[in-house]
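Participant: The following block contains the structure, expressed as structure tokens.
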Amino acid sequence: MRRFFLLLGFYTVLTPAYATVDDAISRALEAIDPYVKEGYIVRDDQWGGDLGVKEQKAVPHVLFKGNDYWFCIGTDVDNARVAIHVYDSKGKLIESDSWQKGRFAAARVQASATGTYYIIAEVTSSPKERTSWAMVYGFK
Amino acid sequence: MKRNLPWILFSATILSTSFPVLGDNPPNQIDLSKLPATQLDDVVVPLPSEVFNVLDKLGTPDWKGELRAPGINNRGARAQIALLLGSVVAEGFVAVEATDKERVKQIGHNVLELSRAIGVEKTVLSRTNLIVIKADTRDWVGVRCELDGALTDVKNAMIELKDAQLAYLVSLGGWLRGTEVVTSIVHKNYSLDSADLLNQPDLLKYFQERLATMPPRVRGNQLVNKIQKGLDEISPLIHQKITPTSVERINEVTSQLVKAINSNA
């Protein structure tokens, strides 16, 4: 993580585009912060990229029965809205809770079976053509 | 897409027109087969902590009986060291479950030594120091976090060194040792719930695909070849209802593979 931010800092000098990645990760970590206080262990890793409006990215993830997960997404773009939802391998919406607050969104899964789930991230609206986003998750 | 710097530069620009917009009110059902490939990322390899977190809730197995001494002196090609490194980190989780302070500290040193052998020592130095410090204070949750972090840091360092193949092998080594332990525990006290932990066909497929697309010099490695055959044998057992017999066979295969990794055979 530290290495990632150091490298990002270096690349920021080269191109302003990288700053948005850095900021999107910070927003995602901001979104998951309340759950850290509830005992969720946050994985020191991030997923992300940039998406157009209404464009989605699906991240398949093996979740384990008995674990409780929060997936959080954030973007640095002002006035953008992002969403995150979780489906099981049959395409059924599986989250037990979710919320959306502008640049942040989150979905909770209390996995009832071990298997592959699809975390779908989406930019629902944005003033920009491409919107950088980042996702982090925690479990307990 | 994961964490690599180029992801912002190379992100896909092909948009879907057939997949429903989720937004704030997502549909209860979607057709995943209509998800365009450009929108689908690689499967996320779970952290060992995620598996052991569930095992914590499955009673109190004889963790000390599951401990093995890694053969870190039997070192061969970089591929074998990467596999060994992954399996040693997984061993660290078993040692945490067994609350074996000295073994955890030894594993911290082993991780450092193996990382040195493949040129990523600096990346994990602070993690391995913390593993030792936290083991001394019996901060088991903290040790788990550092083991997870060491695994992630090593893999990312390898990707930065343009050695992604080795990073996959580290994950695979960890998965094999983890699966050996899980099947051993499940087999001793079988239940549908505990066997459900092994329902990871997409993860297995991911490892198989990664091995199949490795450069010939890696695929030609005798150990890698053996592992590829082992995964092919496990695959049909994980793609169906996981019976006690399947659990036993998966355990036998993964045990043989972990032994081969440890003996560089």
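The values are calculated or read from the model by the stated rules, or taken from the named source; none is laboratory data. Computed from a prediction, not measured in an experiment: that's the story for all the values here. Neighbour counts are summed over all protein chains in view; Cβ atoms, including those assigned to glycine, are modelled from backbone coordinates with ideal geometry.
Participant: Give B:I159, B:I118, B:I107, B:I133 a once-over and let me know the one that is farther than 30 Å from B:T213 by Cβ, surrounded by fewer than 23 Cβ atoms within 10 Å (Cβ to Cβ) and of a type in the set (V, I, T).
Facilitator: Within the list B:I159, B:I118, B:I107, B:I133, the selection yields B:I133.
Participant: Here's a check for you: in the range B:136-151, which residue that is in a helix (DSSP H, G or I) and surrounded by fewer than 22 Cβ atoms within 10 Å (Cβ to Cβ) is nearest to the chain's Cα centre (by Cα)?
Facilitator: Selected residue: B:G149.
Participant: With B:V124, B:V94 as the choices, which residue is surrounded by 18 or more Cβ atoms within 10 Å (Cβ to Cβ), at pLDDT 90 or above and within 16 Å of B:S49 (Cβ to Cβ)?
Facilitator: One residue alone meets the criteria, B:V94.
Participant: Between A:Y137, A:Y118, A:Y87, which is free of Cβ contacts under 8 Å to residues at least 40 places away in the same chain, closer than 17 Å to B:D41 by Cβ and either among the aromatic types (F, W, Y) or surrounded by fewer than 24 Cβ atoms within 10 Å (Cβ to Cβ) (or both)?
Facilitator: A:Y87
Participant: Could you please give the count of residues in the range B:86-108 that are more than 17 Å from B:C145 (Cβ to Cβ) and touching a Ser or Thr at 6+ places or on another chain (Cβ under 7 Å)?
Facilitator: 1
Participant: Does B:T17 qualify as being more than 8 Å from chain A (Cβ to nearest Cβ), part of a helix (DSSP H, G or I) and either more than 21 Å from B:A167 (Cα to Cα) or modelled with pLDDT of 85 or more (or both)? Before you say what the answer is, go through the steps one by one.
Facilitator: Values: more than 8 Å from chain A (Cβ to nearest Cβ): yes; part of a helix (DSSP H, G or I): no; either more than 21 Å from B:A167 (Cα to Cα) or modelled with pLDDT of 85 or more (or both): yes.
For B:T17, the condition - more than 8 Å from chain A (Cβ to nearest Cβ), part of a helix (DSSP H, G or I) and either more than 21 Å from B:A167 (Cα to Cα) or modelled with pLDDT of 85 or more (or both) - is not met.
Participant: Considering only residues that are within 16 Å of B:I185 (Cα to Cα) and of a type outside the set (S, T, Y), which ones fall in the range B:242-257? Steps first, answer last, please.
Facilitator: Step one: list which residues in the range B:242-257 are within 16 Å of B:I185 (Cα to Cα), which gives B:242-255.
Those that are within 16 Å of B:I185 (Cα to Cα) and of a type outside the set (S, T, Y): B:I242, B:P244, B:V247, B:E248, B:R249, B:I250, B:N251, B:E252, B:V253.
Participant: Can you name the condition, by its number, that B:P46 falls short on among (1) part of a helix (DSSP H, G or I); (2) under 21 Å from A:T114 (Cα atoms)?
Facilitator: Condition (1) is where B:P46 drops out.
Participant: Are any residues in the range B:58-80 surrounded by 13 or more Cβ atoms within 10 Å (Cβ to Cβ) and under 20 Å from B:W140 (Cβ atoms), and if so, which ones?
Facilitator: Those that are surrounded by 13 or more Cβ atoms within 10 Å (Cβ to Cβ) and under 20 Å from B:W140 (Cβ atoms): B:L58, B:P61, B:W63, B:K64, B:E66, B:L67, B:R68, B:P70.
Participant: Restricted to the range A:111-134, and to residues that are among the β-branched types (V, I, T) and within 12 Å of the chain's Cα centre (by Cα), which residue is nearest to A:D22 (Cα to Cα)?
Facilitator: The extreme case among them is A:V123.
Participant: Now for a separate question. Is there any pair with a first residue in the range A:27-45 that is in a strand (DSSP E or B) and a second that is of a type in the set (V, I, T) whose Cβ atoms are under 8 Å apart and which are 6 or more apart or on different chains, and what are they?
Facilitator: A:I41/B:V141; A:V42/A:I32; A:V42/A:V36; A:V42/A:V136
Participant: Among the residues of the range A:49-84, write down those that are assigned to a strand (DSSP E or B), facing another protein chain (nearest Cβ under 7 Å) and touching a Phe, Trp or Tyr at 6+ places or on another chain (Cβ under 9 Å).
Facilitator: Narrowing the range A:49-84 to residues assigned to a strand (DSSP E or B): A:49-51, A:56-63, A:68-74, A:81-84.
Imposing the further condition that a residue be facing another protein chain (nearest Cβ under 7 Å) reduces the set to A:49-50, A:56-62, A:83.
The answer is A:G49, A:D50, A:Q56, A:K57, A:A58, A:V59, A:P60, A:H61, A:V62.
Participant: Another one. Looking at this structure, is B:Q165 crowded, with 16+ Cβ neighbours inside 10 Å, among the polar types (S, T, N, Q), more than 14 Å from chain A (Cβ to nearest Cβ) and in contact (Cβ under 8 Å) with a residue 12 or more places away in the chain?
Facilitator: It is true that B:Q165 is crowded, with 16+ Cβ neighbours inside 10 Å, among the polar types (S, T, N, Q), more than 14 Å from chain A (Cβ to nearest Cβ) and in contact (Cβ under 8 Å) with a residue 12 or more places away in the chain.
Yes or no, residue by residue, for (1) away from chain A (no Cβ under 14 Å); (2) within 23 Å of B:I72 (Cα to Cα); (3) assigned to a helix (DSSP H, G or I); (4) touching a residue at least 24 places away in the same chain (Cβ under 8 Å):
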{"site": "B:M158", "(1), (2), (3), (4)": "no, yes, yes, yes"}
{"site": "B:G178", "(1), (2), (3), (4)": "no, yes, yes, yes"}
{"site": "B:A195", "(1), (2), (3), (4)": "no, no, yes, yes"}
{"site": "B:V218", "(1), (2), (3), (4)": "yes, yes, yes, yes"}
{"site": "B:I227", "(1), (2), (3), (4)": "yes, yes, yes, yes"}
{"site": "B:D232", "(1), (2), (3), (4)": "yes, no, yes, yes"}
